[in-house]
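The values are calculated or read from the model by the stated rules, or taken from the named source; none is laboratory data. None of these values were measured; they are calculated from a predicted model. When we count neighbours, we look across all protein chains shown, and the Cβ atoms used for this are built from the backbone with ideal geometry, even at glycine. Side chains included, ligands, DNA and RNA excluded: accessible areas come from the protein's heavy atoms. Shrake-Rupley method; radii C 1.70, N 1.55, O 1.52, S 1.80 Å.
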Amino acid sequence: MMAGLALLAAQAAPAWAAEAASQEDGKTEAIKQSEMVVTATTTEENINKVPSTTFVVTDQEITEKAQWSLPDALRDVPGLYIRSNGPFGGVTSLSMRGTQSGQTMLMLDGVRLGDPISTNGSYDMANLLTGGISQVEVVQGPQSTLYGSDAMAGVVNIITKRGQGAPTGWASAGYGSYNTWQGTAGTQGQIDRFNFMLSGGGISTDGVSKAKSGSEDDPYNAYQFNGRFGFDINDNTEVYFIGYYNKADTDYDGWVNGQFVDTPDSMTTEAYTGILGLTNSPVSWWNQKLTFSYGSVDNDYSDDSTYKSYITTAQWLNNLLYKDINTLTLGVNWQREQGEYSTVWDSLPEQSMDTLSFYLQDQLKVLEGLYLLGGVRNDDYEHFDNKTTWRVGASYTIAVSDTTFKGTYGTGFKAPSLYQLYSPYGDQDLSPETSKGWDLGVVQMLWNKRIELGLTYFNIQTDDLINFDMNTWTYQNLDQVKSQGVEFYARANLLSWLSADFSWTYTDAQDEATGKELAYDPRDKGTLGVRLPLMGDRLNIRVWALYVGNRYADAANTTELDPYVTVNAAATYKITNWLSVYGNVVNLTDEDYVEIQDYTTLGLSGFIGLRADF
């Protein structure tokens, strides 16, 4: 661990939270303490008061780093590990705190993004672009009480921008390595009672070979449109629509005679999510939110294989308020998952599964600095027994020393996917995976709030883990996994022109039946970053680095992958008040590294572009 720290510190850095210091008065500001989040409790709360460890990736950070890909924007979040089957459209998954892919829920404005016909039901993040995003909230620890299946380890919630103020617009275009073209455009604002935000973006590149041993480029073309449109019926009621549509054409490589090599394979992915919602506050002590959503994922392959899935949901959320002391949340959620596929080897006609859920949560703030939380949820599945989960949490702030203690304990579960239940390799007698998890942490402010330090211990026990049984060639409840570790982070506004951040996550994740470490879960992950707003904030420079430690490429722990450090940098210069030039450099040291065995990663690459704000 110490060797990794030294290696990381010697190179350079990310910045997932530090805000710029004021340039007008030349004084160093305190670290921002009023950041509000909604995902941790479903109500708007101060990020430092909620019991669950929560991190936020902002639109400002994404823009300053010139990151067009959402997975890239999330790689530096403590406790979160992103891995891809090659750059530019390679299948991309996320895991949290040493748990498995699929045990962390990905959401769009509080609505689940999933692919029920994929192996574990999780959503491939590869084609998600960053345009139109307000912020991404990452909440760690069991969240099944609020969000049901898939939220065993935590949730990642993508929050769409809401139009406000006088109408404005933006457009950007850039070019870089691998003959890559990238562009975005959008507009947002509010006219009387109507608010709007519409964003579009795309990327086209010759790419690189997905196979590490390959030499043939794998092109990638993707575009995305997303928007939010709302109308204030009165001062207490808004009806809104959120829509996301993306399409990607990806070339990829495959296995020939036991070797992963260049092949002419390709696929087209088309995904859509639509959310129709209504928020209303009939009286001062009651507010409610009603949403209907529909999402689809359609994967078509060059060998004529097709995979199609759909998720339909309806949710009614109610918050009952008593002064500033108590918030009681009551909710009901209905979900239908559907999926089908056809390949040259086998097929599955459309299957579906319905779930009806009821949940309750209570938040208490009865004493100065003390925040208490408790909740329970029941999920009634169509094809197996009900599941009940619960969670408790607390935080306490000692004002005189600027110290906050926090902790949670909760249970979670993950239902089998349609593929695991009904495919030729499935078993309809599968039980849901279950978990128990807890964490304890402390947050300390120093130097007139210019420095923030955070330390958290976490522990997650997963039972009935679903894996493929090579003896029966079906999915079975086989394993028991324990993951525990420590997360540390620091961020500081050191000078009016310099802010920095650092994080380190140590994770010990093991299959308790075999004593082996889980594949692709690094023991150590570190980040380091600096932000330099210079020349009265006309020039902004960011440098950030990521360290990933040793991990195994297989469950038997026979193939160990080397640790690596990647360093990236970005700069933006305001030519005028409305025109900026930006550029970024990926893998500044040209590190030769591996995320997934046999798949390539990007070497030293550069991109430059112009952005107009009007």
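Filter segment 594-614 down to the residues that are hydroxyl-bearing (Ser, Thr, Tyr), under 19 Å from Gln67 (Cβ atoms) and part of a loop (DSSP other than H, G, I, E, B) and list them by number. Once the filter is applied, which keeps residues that are hydroxyl-bearing (Ser, Thr, Tyr), under 19 Å from Gln67 (Cβ atoms) and part of a loop (DSSP other than H, G, I, E, B), segment 594-614 yields only Thr601. Asp253 passes every criterion in (1) surrounded by fewer than 22 Cβ atoms within 10 Å (Cβ to Cβ); (2) in a strand (DSSP E or B); (3) touching a residue at least 12 places away in the same chain (Cβ under 8 Å) apart from (1). Within segment 212-244, restricting attention to residues that are among the charged types (D, E, K, R) and open to solvent by 50 Å² or more (accessible area, probe 1.4 Å), the residue that is nearest to the chain's Cα centre (by Cα) is Lys212. Looking at Asp537, is it assigned to a loop (DSSP other than H, G, I, E, B) and among the charged types (D, E, K, R)? So Asp537 fits the description; yes. Just to be sure, is Asp380 surrounded by fewer than 16 Cβ atoms within 10 Å (Cβ to Cβ), outside any strand (DSSP E or B) and without any contact (Cβ under 8 Å) to a residue 40 or more places away in the chain? So Asp380 fails the test. Report, by residue number, each residue of segment 399-433 that is β-branched (Val, Ile, Thr) and without any contact (Cβ under 8 Å) to a residue 60 or more places away in the chain. Correct list: Val400, Thr403.
On inspection, Pro87 fails the criterion of being under 28 Å from Thr403 (Cα atoms), modelled with pLDDT of 95 or more and surrounded by 20 or more Cβ atoms within 10 Å (Cβ to Cβ). Just to be sure before I move on: is Asn568 loosely packed, with under 15 Cβ neighbours inside 10 Å, under 22 Å from Glu591 (Cβ atoms) and not hydroxyl-bearing (Ser, Thr, Tyr) in the structure I sent? No; evaluated as a whole, the condition is false for this residue.
Annotation: Trp334 fulfils all but one of (1) surrounded by 16 or more Cβ atoms within 10 Å (Cβ to Cβ); (2) of a type in the set (Phe, Trp, Tyr); (3) under 24 Å from the mean Cα position of the chain (by Cα); (4) part of a strand (DSSP E or B); the unmet one is (1).
For every residue, the table says whether it meets (1) in contact with a Phe, Trp or Tyr (Cβ under 8 Å, 6 or more places away or on another chain); (2) within 22 Å of Trp316 (Cβ to Cβ).
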| site | (1), (2) |
| --- | --- |
| Gly201 | yes, no |
| Ser204 | yes, no |
| Ser215 | no, no |
| Val239 | yes, yes |
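Residue check: is Ser395 touching a Pro at 6+ places or on another chain (Cβ under 6 Å), of a type in the set (Gly, Ala, Ser) and open to solvent by less than 10 Å² (accessible area, probe 1.4 Å)? So Ser395 passes the test. All of Asp439, Asp429 fail the test of being of a type in the set (D, E, K, R), out of contact with any Asp or Glu (no Cβ under 8 Å at 6 or more places or on another chain) and at pLDDT below 95, apart from Asp429.
If a residue must be hydroxyl-bearing (Ser, Thr, Tyr), under 21 Å from the mean Cα position of the chain (by Cα) and farther than 14 Å from Arg523 by Cβ, how many such residues does segment 481-501 contain? Count: 1.
When segment 500-534 is filtered for residues that are buried (at least 16 other Cβ atoms within 10 Å of the Cβ) and either of a type in the set (Val, Ile, Thr) or not in a strand (DSSP E or B) (or both), the ones remaining, listed by number, are Thr505, Thr507, Leu518, Ala519, Tyr520, Asp521, Pro522, Arg523, Thr527, Val530. Within the bounds of segment 443-455, is there any residue that is outside any loop (DSSP other than H, G, I, E, B), under 21 Å from Phe413 (Cβ atoms) and open to solvent by 60 Å² or more (accessible area, probe 1.4 Å)? No, there is no match, as no residue in segment 443-455 is outside any loop (DSSP other than H, G, I, E, B), under 21 Å from Phe413 (Cβ atoms) and open to solvent by 60 Å² or more (accessible area, probe 1.4 Å).
Only one entry in Ile541, Ile608, Ile575 is farther than 27 Å from Asp262 by Cα and either exposed (fewer than 14 other Cβ atoms within 10 Å of the Cβ) or in contact with an Asp or Glu (Cβ under 6 Å, 6 or more places away or on another chain) (or both), namely Ile575. Only one of the listed residues (Leu320, Leu372, Leu328, Leu367) is open to solvent by 20 Å² or more (accessible area, probe 1.4 Å) and assigned to a loop (DSSP other than H, G, I, E, B). That residue is Leu367. For the subset of segment 31-62 comprising residues that are without any contact (Cβ under 8 Å) to a residue 60 or more places away in the chain and not charged (D, E, K, R), which member is farthest from Asp439 (Cα to Cα)? Restricting to residues being without any contact (Cβ under 8 Å) to a residue 60 or more places away in the chain and not charged (D, E, K, R), the top hit is Gln60. Pairs linking a residue in segment 182-209 that is at positive phi and touching a residue at least 40 places away in the same chain (Cβ under 8 Å) to a residue that is hydrophobic (A, V, I, L, M, F, W, C) and not in a strand (DSSP E or B), with Cβ atoms under 8 Å and 6 or more positions apart or on different chains, are Gly207/Phe88.
Quick check, is Lys247 open to solvent by 30 Å² or more (accessible area, probe 1.4 Å) and either more than 25 Å from the chain's Cα centre (by Cα) or under 27 Å from Ile117 (Cα atoms) (or both)? Yes; evaluated as a whole, the condition is true for this residue. Taking the listed residues Asp303, Asp262, the one that is over 24 Å from Phe225 (Cβ atoms), touching a residue at least 24 places away in the same chain (Cβ under 8 Å), not polar (S, T, N, Q) and not in a strand (DSSP E or B) is Asp303, with no other qualifying.
Taken as a whole, the structure places Tyr359 among residues that are farther than 22 Å from Ile47 by Cα, assigned to a strand (DSSP E or B) and within 25 Å of the chain's Cα centre (by Cα).
For (1) hydrophobic (A, V, I, L, M, F, W, C); (2) out of contact with any Gly (no Cβ under 8 Å at 6 or more places or on another chain), each residue gets a yes or a no:
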{"residue": "Leu356", "(1), (2)": "yes, yes"}
{"residue": "Leu373", "(1), (2)": "yes, no"}
{"residue": "Asn378", "(1), (2)": "no, yes"}
{"residue": "Phe384", "(1), (2)": "yes, yes"}
{"residue": "Asp402", "(1), (2)": "no, yes"}
{"residue": "Gly410", "(1), (2)": "no, no"}
{"residue": "Ser417", "(1), (2)": "no, no"}
{"residue": "Gly441", "(1), (2)": "no, no"}
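From the list Ser144, Ser95, the one residue that fits, being of a type in the set (Ser, Thr, Tyr) and closer than 25 Å to Tyr307 by Cα, is Ser95.
Reported count of residues in segment 462-495, each being more than 18 Å from Met96 (Cβ to Cβ), of a type in the set (A, V, I, L, M) and open to solvent by 30 Å² or more (accessible area, probe 1.4 Å), is 4.
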